[in-house]
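Trainee: Provided herewith is a single structure, encoded as structure tokens, for subsequent inquiry.
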Amino acid sequence: MNTFPKIAVIGGGNMANALVTGWLKQNCPLANLHVIEVYEALRQQWSERGVSVAAAPGAMLADYDVWIYAVKPQQMREVVLSTQPFLGKQTLVISIAAGISIASLSTWLGSPEAPYSRIVRCMPNTPALVAAGVTGMACPQSLSQTERDTATNLLKAVGEVVWVNDDHAIDAVTALSGSGPAYVFLFLESLISGAQSLGLTVEQSRLLALATLSGATQLAAQSEDPPSVLRERVTSKGGTTAAALEVFNHHQLTHIVHQAMEAAAQRAAELSKEFGA
């Protein structure tokens, strides 16, 4: 971004750290940033970086163009209501809390009769910590293109951005990319432990597994062919890969993955009912 807005981040945990680090690498002025964090140790860390900090929302929030809520879903209602008195008419609100719908945020920031509409709901993922994340984003149709562009540019500081249509689609994003790194880490764990059971050392297993996953995903990203074609090219009839894939197919790996994603999406919808009332 050529010009950064003034940004208040409410919640100073890992995702806030990833975002701020990305903005600073893009030459965001420290003076444009303000972090609200209840835990003193985290506030101290932010202060040592030269960022303005506070333990609770206050009147100075009104001076910031963009608010980013980076707190847990069960905390969101209380936190949003504590900031609402300082909301300006032009404030762009970005939420990265899982399961909290745009409708709930609109009502909390406004009222049932006059909901607030300058809202973007996001679902980033943990690879944002190394600027390799991907974020699903949704907003009301009334949000201006300029505001959409601002939100896009802020989240692009930590990886790719994909806009989707609504809250339901964000739940699907949560099931795929939001929770997805854990699926990959589980598969990575399995590859490493499997290699050790075949006689390789921990170091050898880790290096080979990491390079295999990284190389395969890079190949898939750069290839014009779908993953199914790339898989077929690795699989010789009657060969070693075919033997391994037969085991996966016997245990219905694809069905298991689909079931897991459905469970994650359902849980995201449940969070909305539990904490979005």
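The values are calculated or read from the model by the stated rules, or taken from the named source; none is laboratory data. Owing to the predicted nature of the structure, the values given are computational and were not obtained by experimental measurement. Quick reminder, even Gly has a Cβ in these numbers, built from the backbone with ideal geometry, and neighbours come from all protein chains shown. Quick note on the areas: whole protein, heavy atoms, side chains included, nothing else; ligands and nucleic acids left out. Shrake-Rupley method; radii C 1.70, N 1.55, O 1.52, S 1.80 Å.
Trainee: Could you tell me which residue out of V229, S95, W23 lies farthest along the dipole of the chain toward its positive end? Charges go on the beta carbon: Lys and Arg +1, Asp and Glu -1, centred on the Cα centre.
Mentor: Of V229, S95, W23, it is W23.
Trainee: Using 7 Å Cα-to-Cβ label points, what is the K273/V130 separation (nm, one decimal)?
Mentor: A separation of 3.8 nm, rounded to one decimal place.
Trainee: Please give the per residue accessible area of the chain, computed with a probe of 1.4 Å over protein heavy atoms only, in Å².
Mentor: Values: 15500 Å² over 277 residues.
Per residue, the chain has 56 Å² of solvent-accessible surface.
Trainee: Computing the accessible area with a 1.4 Å probe over protein heavy atoms, can you report the carbon and sulfur percentage for region 1-143?
Mentor: 52
Trainee: Using R₀ = 25 Å, calculate the FRET efficiency as 1/(1 + (r/R₀)^6) where r is the Cβ-Cβ separation of Q145 and D63; round to 0.05.
Mentor: Numbers: r = 25 Å, r/R0 = 0.99.
E between Q145 and D63, to the nearest 0.05, is 0.50.
Trainee: Could I ask something else about it? Can you list the aspartates and glutamates whose alpha carbon sits under 12 Å from that of K6, skipping same-chain ones fewer than 8 residues off?
Mentor: Answer for K6, where 12 Å is the Cα cut-off: D63, D65, listed by chain and number.
Trainee: Ignoring ligands, DNA and RNA, how do Y69, Y39, Y116, Y183 rank by accessible area with a 1.4 Å probe, largest first? Write down the numbers at each step before the final one.
Mentor: Values: Y69 0, Y39 150, Y116 30, Y183 75 Å².
Accessible-area ranking of Y69, Y39, Y116, Y183, largest first: Y39, Y183, Y116, Y69.
Trainee: Among the listed pairs K156/K273; K72/K156; K25/K156, which have their C-alpha atoms separated by more than 20 angstrom in this model? Mind dumping the intermediate values first?
Mentor: Working: K156/K273 29 Å; K72/K156 22 Å; K25/K156 12 Å.
In this structure, K156/K273; K72/K156 exceed 20 Å between Cα atoms.
Trainee: With the crude spin-label approximation of a point 7 Å out along Cα→Cβ, what separation in nm comes out for K25 versus W163?
Mentor: Distance between the two pseudo-spin positions: 2.5 nm.
Trainee: A further question on this structure: So, counting K/R as plus one and D/E as minus one, what does the shell of residues with Cβ under 15 Å around A131 add up to?
Mentor: It works out to a net charge of +1.
Trainee: Now for a separate question. Of P227, P140, P57, which is the most mobile in a GNM of the chain whose springs link Cα atoms less than 10 angstrom apart?
Mentor: In the Gaussian network model the winner is P227.
Trainee: Connecting C-alpha atoms closer than 10 Å in a GNM of the chain, tell me which of A151, A263, A216 has the biggest fluctuation.
Mentor: A216
Trainee: Here's a follow-up. Can you work out the FRET efficiency for the pair A244 and V184, with r the C-beta to C-beta distance and R0 = 25 Å, to the nearest 0.05?
Mentor: Working: r = 18 Å, r/R0 = 0.72.
Calculated value: 0.90.
Trainee: Now a separate question. Calculate, in nm to one decimal, what Q218 and A103 gain on full extension: separation in residues at 0.36 nm each, minus their alpha carbon distance.
Mentor: 37.6 nm
Trainee: Continuing with this model, one more query. How far apart, in nm, are the 7 Å Cα→Cβ label points at A41 and Q84?
Mentor: 3.3
Trainee: Taking every DSSP beta bridge with both residues inside the chain, roughly what % is antiparallel (nearest 5)?
Mentor: In the chain, DSSP labels about 10 percent of beta bridges as antiparallel.
Trainee: Using helices alone, I'd like the mean residue ellipticity at 222 nm for the chain: each DSSP H run of four-plus residues gives -39500 (n - 2.57), total over residue count, nearest 500. Let's see the in-between values first.
Mentor: Values: 11 runs with 140 residues, N = 277.
Helices in the chain give a 222 nm mean residue ellipticity of -16000 deg cm²/dmol.
Trainee: If I stretch the segment between E203 and S236 completely, what's the gain in nm (0.36 nm per residue apart, minus their alpha carbon distance), one decimal?
Mentor: Working: separation 33, 0.36 × 33 = 11.88 nm, distance 2.89 nm.
Difference between extended and current length: 9.0 nm.
Trainee: Now for a separate question. Counting pairs of alpha carbon atoms under 8 Å apart in space and at least six apart in sequence, what relative contact order in percent does region 160-277 give?
Mentor: In percent, rounded to a whole number, it is 38.
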